[in-house]
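Enquirer: There's a structure below that I have some questions on.
The values are calculated or read from the model by the stated rules, or taken from the named source; none is laboratory data. Keep in mind that this is a model prediction, so the values were computed, not measured. Positions of Cβ are generated from backbone atoms using ideal geometry, with glycine treated the same way; all protein chains shown enter the neighbour counts. Heads up: the accessible areas ignore ligands, DNA and RNA and are worked out on the full protein's heavy atoms, side chains in. Shrake-Rupley method; radii C 1.70, N 1.55, O 1.52, S 1.80 Å.
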Amino acid sequence: FERPKRFQVKRAMSMHPWEAGTDEAVDATVRFDPDVAWWAARHLGVEGPGDGPLQVELQVANRDAFVGWVLGFGPDAEVLGPDDLRQQVLARIEAAVRAA
């Protein structure tokens, strides 16, 4: 194993899985329904929305990790953009339905 030159353990450990990747980074917009908004806010370290929905922008460099994380919220989270990332989420759902 050879450590990458710019690798910093402190930074890597504080990153979310979807931030640490080699995919071309994109800014994703996600909307969380009020039922899970408090949990998403806590997990992301952002100000909670009170009783309403939460909408956030997240930088995504590992699309597969991001899609898996978003799907963990079930129907209470929706990727609003970019469209190609939204389509990846839908494709994963459709594949799961076909496999069931």
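Enquirer: Local charge sum around residue 67 (other residues, Cβ-Cβ under 13 Å, Lys/Arg +1, Asp/Glu -1)?
Expert: On the way: positive: 63, 86, 92; negative: 23, 64, 78, 84, 94.
Combined, the nearby Lys, Arg, Asp and Glu give -2.
Enquirer: Report the GluC sites (Glu not before Pro) located in region 9-91 that are in a DSSP loop and have at most 14 other Cβ atoms inside 10 Å of their Cβ, or state none. Can you show the working numbers first?
Expert: On the way: sites: 19, 24, 47, 57, 78; in loops: 24, 47.
When the GluC sites (Glu not before Pro) of region 9-91 are filtered for loop state and at most 14 Cβ neighbours within 10 Å, 24, 47 remain.
Enquirer: Please check: in the Gaussian network model of the chain (C-alpha springs, under 10 Å), which one of 34, 75, 17 has the largest mean-square fluctuation.
Expert: Among 34, 75, 17, the largest mean-square fluctuation in the Gaussian network model of the chain belongs to 75.
Enquirer: In a shell of Cβ-Cβ distance under 14 Å around residue 22, excluding residue 22 itself, what net charge do Lys and Arg (+1) and Asp and Glu (-1) give? Intermediate results must be reported in sequence, preceding the final value.
Expert: On the way: positive: 6, 63; negative: 19, 23, 24, 64.
Spelling it out: positives minus negatives among the neighbours equals -2.
Enquirer: Using only Cα atoms, what is the ratio of the radius of gyration of region 41-100 to 2.2 N^0.38 Å?
Expert: Values: Rg = 12.7 Å, N = 60, 2.2 N^0.38 = 10.4 Å.
Dividing the Cα radius of gyration by 2.2 N^0.38 Å gives 1.21.
Enquirer: Compute the accessible area per residue over the chain, keeping the other protein chains in place, probe 1.4 Å, unit Å².
Expert: Spelled out: the 1.4 Å probe surface of the chain, per residue, equals 70 Å².
Enquirer: Count charges around residue 33 for me, please; just the other residues with Cβ under 13 Å from its Cβ, Lys/Arg as +1, Asp/Glu as -1.
Expert: Values: positive: 31; negative: 35, 51, 76, 78.
It works out to a net charge of -3.
Enquirer: Heavy atoms of the protein only, probe of 1.4 Å, neighbouring chains included. What is the accessible area of residue 39 in Å², nearest 10?
Expert: Probe radius 1.4 Å; accessible area of residue 39 about 110 Å².
Enquirer: Sticking with this one: Could you tell me which of rounded, prolate or oblate describes the chain, using a ≥ b ≥ c as the square roots of the eigenvalues of the alpha-carbon gyration tensor, with rounded for a/c under 1.5 and, failing that, prolate when a/b is larger than b/c and oblate otherwise? Each step should come with its number before you reach the end.
Expert: On the way: a/c = 2.12, a/b = 1.26, b/c = 1.69.
Because a/c hits 1.5 or more and a/b fails to exceed b/c, the chain counts as oblate.
Enquirer: How large a share of the accessible area of the chain, in percent, is made up of carbon and sulfur atoms when the probe is 1.4 Å and the other protein chains stay in place? Let's see the in-between values first.
Expert: On the way: 3550 of 7000 Å².
With neighbouring chains kept in place, the figure for the chain is 51 percent.
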